[in-house]
1. Report yes if residue A:169 is in a helix (DSSP H, G or I) and touching a strand residue (DSSP E or B) at 6+ places or on another chain (Cβ under 6 Å), otherwise no.
2. Mind listing whichever residues of region A:381-391 are more than 10 Å from chain B (Cβ to nearest Cβ) and in a helix (DSSP H, G or I)?
3. Output the qualifying pairs, or none if there are none: Cβ atoms under 6 angstrom, residues six or more apart or on different chains, first residue in region B:103-115 and more than 7 Å from every other protein chain (Cβ to nearest Cβ), second residue surrounded by fewer than 22 Cβ atoms within 10 Å (Cβ to Cβ) and part of a loop (DSSP other than H, G, I, E, B).
4. How many residues does region B:119-149 contain that are assigned to a helix (DSSP H, G or I), within 25 Å of residue A:220 (Cβ to Cβ) and either within 12 Å of chain A (Cβ to nearest Cβ) or in contact (Cβ under 8 Å) with a residue 24 or more places away in the chain (or both)?
5. Find all pairs meeting these conditions: Cβ atoms under 9 angstrom apart; at least six residues apart or on different chains; first residue within region A:168-181 and free of Cβ contacts under 8 Å to residues at least 40 places away in the same chain; second residue surrounded by fewer than 24 Cβ atoms within 10 Å (Cβ to Cβ).
6. If a residue must be within 14 Å of chain B (Cβ to nearest Cβ), farther than 23 Å from residue A:435 by Cα, touching a helix residue (DSSP H, G or I) at 6+ places or on another chain (Cβ under 7 Å) and in contact (Cβ under 8 Å) with a residue 12 or more places away in the chain, how many such residues does region A:200-258 contain?
7. Have a look at A:126, A:152 and point out the one that is within 20 Å of the chain's Cα centre (by Cα) and free of Cβ contacts under 8 Å to residues at least 40 places away in the same chain.
8. If a residue has to be outside any helix (DSSP H, G or I) and within 9 Å of another protein chain (Cβ to nearest Cβ) to count, how many in region A:413-460 make the cut?
């Protein structure tokens, strides 16, 4: 009953004209960036942060929620029509979605994707509401040692499930942690890793990391691969709808994808991309039409698209319940909370219920808006792909400059973001994943803080810290994540399963 | 040719970064209060980076195939990096309007456009629109440079 009352309170907040407008702007922007290749939700939220400085935080987070859900909706459009996924989480959708489009069934692929996203988004928001509330009740019992261990789980998961090479993923995580520790140590007031550069005393903001690593590196990537940018686009023939048979084949896939996506997404560090790959593997295994997979099976679109949307809802569980981000996008959202002087986690549910429940209620509304925007209006979204790419990427650079400068009005930040852009380009070119860097920047200071506070509790005894019952169990989970990719690869090799190898070679965004 | 393996070059760069991090860690002053010195975590990160560099090198030397890289379109890439650097470095001294308009015109040319007049007008209009949105609409101050606004 308390849950229902809280949700009704949330709807009262979300349904004000101003907040409805922010939700609308969020879903429009989210769908647009989902359609456009190379721009993701983490980057968009980073770029929009300066725009929201003057807003009430409730409105800002309602907009961010819309962007996050919208990006997952929009990503499928380019996967299906161009075979160039707008988001990494839609990569697997292209396998069967593009094949369906080539056979003149683009309308059905887009419909199953949009309705699947709606079903998954709604179920995941219900899951978010229930599980975040349960998590909050438990989270108040957690001390610094347990929080430290949970952050290690997040880092282990994102390290082990990102990229194609274990040492490269580990390096990416360590780089992020190192960048996160630059600046003033808030426990002792000492400067760390600043090398005498005064401008580094304030540290390296995660927003700078996201803009440098995701935006500028993408601009450099576009310029470096200019000659290979040609694309072939399939047209939408007929209505954006499914036959009765396609609909009945889609329903179980939507439900399975929703469950897989939500629970994978709720694990700290595991992303929407991984959820969509697992969903595809499951659909292929349980389908009565196995031979159609790879040639245009509708389940191969319905399941993964539901999974990536549900994962976005799942990601918000550790963020809202524990204050720990599990993906690049939620890491940037955590930074946004901090800019507003808010700390997500158990306390936020009591200190700012209007914000938490307003955000959750707005996610239900965003889903309805997205269904309306994506089913009948998909033809308009496709036209976004006509924007000349040089204009688009030059515009991203200019808006990046504004975003970086307006953060602290500090010219040195522009230098930092340029350097990070070059580093991001080189990492991308040589297969070093970027997601763990962003997560590391956010988690670095939090891990340091909780570890040192935990050590105070155990009088400096590391063993006592690591063997507390709760901490030991959580660290065992971290170990499981570290071993998981090796086990999957060995199993995949032994059984000749290339899809399993692919699972361990994805980018967590 | 292992000497040109990008993963070996990467391992060397990671090792250098590891040493820089360790140096930064061990030179962090310990104020003497608290159970764990602020130097500990940066030093651990640096040491783990060094281990990772060795891991990368061993992987490369044991024959793990290097990443498949497409040849870079050197001209547009090089000019884009230079133009971006120039834009970001000139953002404050020249102001937003001048630096961003010049960058957009240059970038359009770098990426294949040949209509200077059209690009100039479009760039100026786009930047003016952004300026109005941020400065007038959202009251976010952007650097003016030599211009009076």
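Readers should treat all values here as calculations from the given coordinates under stated rules, not as data from a laboratory. Since the model is a prediction, treat every value here as computed from it, not as a measurement. No Cβ is skipped: glycine too gets one built from the backbone with ideal geometry, and neighbour counts run over all protein chains shown.
1. Numbers: in a helix (DSSP H, G or I): yes; touching a strand residue (DSSP E or B) at 6+ places or on another chain (Cβ under 6 Å): yes.
Yes; evaluated as a whole, the condition is true for this residue.
2. Filtering region A:381-391 down to residues more than 10 Å from chain B (Cβ to nearest Cβ) leaves A:381-387.
Answer for region A:381-391, where residues must be more than 10 Å from chain B (Cβ to nearest Cβ) and in a helix (DSSP H, G or I): A:381, A:382, A:383, A:384, A:385, A:386.
3. none
4. 7
5. From region A:168-181, the pairs are A:170/B:48; A:170/B:51; A:170/B:55.
6. Final tally of qualifying residues: 1.
7. Details: A:152 fails: free of Cβ contacts under 8 Å to residues at least 40 places away in the same chain.
Of the residues listed, the single one that is within 20 Å of the chain's Cα centre (by Cα) and free of Cβ contacts under 8 Å to residues at least 40 places away in the same chain is A:126.
8. First, pick out the residues of region A:413-460 that are outside any helix (DSSP H, G or I): A:430-434, A:458-460.
Those left that are additionally within 9 Å of another protein chain (Cβ to nearest Cβ): A:430-432, A:458-460.
Total meeting the criteria: 6.
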